[in-house]
Amino acid sequence: MEYDEAIEFHNLLKALKRCIKGTLWKESTAKYWHNRLKNTYILRRELLLGYYRISTYLWFVITEPKEREIFASFIKDRQLQHALVDNVVYPAVSKEFIEGNCACQKGKGTQFCVDLLVKQLRAYARVHGYEGYVLQLDIKKFFPSTSHEVVSNCLRQYVDEKTAKACSDVISSFVEIEFAKILMKHGMDKKTAHKAGHKISSFMVYGGKWYSVIKGLSPEQVEAVTERIKKGDFRGVGLGSQVTQTTQITLLNGLDHYIVEELKLPVYVRYMDDAVMVHENKEYLRYCKGKIAEFLSTIKLTLNEKTQLYPLRRGVIMLHWRVVIGITGKVAIHKRRSKINRERRKLRKQKKLLDEGRMTIQDVETSFQCWQAHILQQKCYMQVIRMRRYYFWLFERRPPEWNAKFRRLKMLDEIILSSMPEAAQWECCVNGMIPQ
């Protein structure tokens, strides 16, 4: 499928149905969905006549799990991005991905990434045991330092020119945040600077009249904006856009093939910009690190100080899970201690809010159930049992159950663990059932 077919009316309408999932509680989204036929017709007409313009981004900051800037698109822009990515971009680029590329794909995700790492480590342990070394890579400011020119050129290798142009426009539109920050440094408030930055980015992407762009700016601000435009080499894409998620996993596809096919590392898993590789020779991993740094320099990226080389017996850390190979070759997995401590602090904070009447016990139980389900994805039963004990000590009430199947087992008077599978035995203990 190409651009002209992707923006057909029925494809745009299907894309809208996908992008409203989980967001229909918003008033703006609900209003757009209520008039979906009219709005989809208007969007298609703007695309055909060349009147379409990307709206300004919703710019905000999140602090969990760490501070990040998010640039969210409005519903109309998300509708077009879903139509292009789902129908054209993703089917074209996903054919080239290796199995170890685990982020932002159908059938993959964080759990798939950890499971694949465990699978590869088991195969490694059968040959080399628990001896070896781990090279853990992290790219310095992956999203903020991504070159617009490099991403656009990479995308043109996979899709037709019209689709590449539309996606490049989305990538280039993120310069509005950079110009907004420049104007804020020169005395403009955030709201006004954001609007002015959007005007400048629209001028750079779609063209227009320069005097209308700089209207209301001081001579000092105009000079700062002009100098930045002349300098060129714009970088930085925002979190919160489907186009940027897909292009970012595509950008490092060449690195994946280089590591697997040329360097031939037996264990390699990557989730966005975090990668883990294992080899029995420490010096060879140092050599690989240098080669990887050279490859990244060709796409204007660098490694940061989080990149480290350490012994395999310490355990491999991936997505806040620690995977350890024992002396016998057994592979064990558990959640990192820092995340366990974070959950304990969260429970203490919830207890305080509950006592003050600012939170209900139903909200506390729902939050705890989500945490249990996450940890039990990797069958870390003992960590859940200890946390349930802490929950009982803190709230002086029984922790909520996590699984309806074993909630029914709890209602039985007697449970003979010896007659149950081993996994079921642990899950009964997790649910607080006393074996008879």
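The values are calculated or read from the model by the stated rules, or taken from the named source; none is laboratory data. What you are looking at is a predicted structure, and each value in this text was computed from that prediction instead of being measured. No Cβ is skipped: glycine too gets one built from the backbone with ideal geometry, and neighbour counts run over all protein chains shown. Surface accessibility is based on the protein's heavy atoms, side chains included, excluding ligands, DNA and RNA. Shrake-Rupley method; radii C 1.70, N 1.55, O 1.52, S 1.80 Å.
Report the gain in length on full extension from E283 to E223: 0.36 nm times residue separation, minus Cα-Cα distance, nm rounded to one decimal.
Fully extending the segment from E283 to E223 adds 16.5 nm.
Where does each of D355, D363, D274 land when they are ordered by accessible area, with a 1.4 Å probe and the largest first?
D355, D363, D274
What value, in deg cm²/dmol to 500, does the helix sum -39500 (n - 2.57) over DSSP H runs of n ≥ 4 give at 222 nm once divided by the residues of the chain?
After summing the helix terms and dividing by residue count, I get -16000 deg cm²/dmol.
Thinking of region 147-187 as a set of Cα atoms, what percent of all their pairs are more than 13 Å apart? Write down the numbers at each step before the final one.
Working: 453 of 820 pairs.
Cα-Cα pairs in region 147-187 separated by more than 13 Å: 55 percent.
Looking at the chain, what % of its DSSP beta bridges pair antiparallel, to the nearest 5?
Antiparallel bridges: around 95 percent, rounded to the nearest 5.
Please work out whether region 24-94 counts as rounded, prolate or oblate from its C-alpha gyration tensor, where a ≥ b ≥ c are the square roots of the eigenvalues and a/c under 1.5 means rounded, while otherwise a/b larger than b/c means prolate and anything else oblate?
Note, shape of region 24-94 comes out oblate.
Roughly how much of I139 is accessible, in Å² to the nearest 10, using a 1.4 Å probe?
Ignoring ligands and nucleic acids, I139 comes out at about 10 Å².
Compute the length gained on full extension between W393 and M184: take 0.36 nm times their separation in residues and subtract their Cα-Cα distance, giving the result in nm to one decimal.
Details: separation 209, 0.36 × 209 = 75.24 nm, distance 4.99 nm.
Full extension from W393 to M184 adds 70.3 nm.
Once you put a point 7 Å from the Cα of I317 and another 7 Å from the Cα of K38, both along the Cβ direction, what distance in nm separates them?
5.5 nm
First measure r as the distance between the Cβ atoms of Y51 and S338, then evaluate 1/(1 + (r/R0)^6) with R0 = 51 Å and state the FRET efficiency to the nearest 0.05. Show your work: numbers first, answer last.
Values: r = 51 Å, r/R0 = 0.99.
Calculated value: 0.50.
Exactly which GluC sites (Glu not before Pro) in region 56-160 are in a DSSP loop and have at most 10 other Cβ atoms within 10 Å?
Hits after loop and neighbour filter: E67.
Highest first, please rank the peptides 187-197, 21-31 by the mean number of other Cβ atoms sitting within 10 Å of their residues.
With the highest mean Cβ count within 10 Å placed first, the list reads 187-197, 21-31.
Order the following by accessible area, largest value first: W321, W210. Probe radius 1.4 Å; ligands, DNA and RNA are ignored.
W210, W321
Give me the one-decimal nm value for the distance between modelled label points at E131 and K230, 7 Å along each residue's Cα-to-Cβ direction.
Roughly 6.3 nm, to one decimal.
When only DSSP loop residues count, what GluC sites (Glu not before Pro) in region 256-300 have their Cβ near at most 16 other Cβ atoms within 10 Å? Could you put the intermediate results ahead of the total?
Working: sites: E261, E262, E280, E283, E294; in loops: E280.
Passing both the DSSP loop test and the Cβ count: E280.
Chymotrypsin sites (Phe, Trp or Tyr not before Pro) within region 264-307: which are DSSP loop residues with at most 13 other Cβ atoms inside 10 Å?
Those that pass, being in a loop and sparsely packed, number zero.
Given the C-alpha centroids of region 215-245 and region 87-147, what is the distance between them in whole angstrom?
Measuring centre to centre over Cα atoms gives 33 Å.
Under 10 Å, Cα contacts only: if you run a Gaussian network model on the chain, which one of R36, R45, R68 comes out with the highest mean-square fluctuation?
R68
Running a GNM on the chain with Cα contacts under 10 Å, which residue among L239, L353, L263 ends up with the highest mean-square fluctuation?
Comparing L239, L353, L263 in the GNM, the peak value goes to L353.
Which value, in Å², gives the accessible area per residue of the chain when a 1.4 Å probe is used on the protein heavy atoms? The partial results should precede the final answer.
Details: 23240 Å² over 436 residues.
Result: 53 Å² per residue.
With springs connecting C-alpha atoms under 10 Å apart, model the chain as a Gaussian network and identify which of G236, G326, G107 has the largest mean-square fluctuation.
G107
Sort the following peptides by mean Cβ neighbour count (other Cβ atoms within 10 Å, averaged over residues), highest first: 213-226, 164-177, 114-127.
Ranking, from highest mean packing down: 164-177, 114-127, 213-226.
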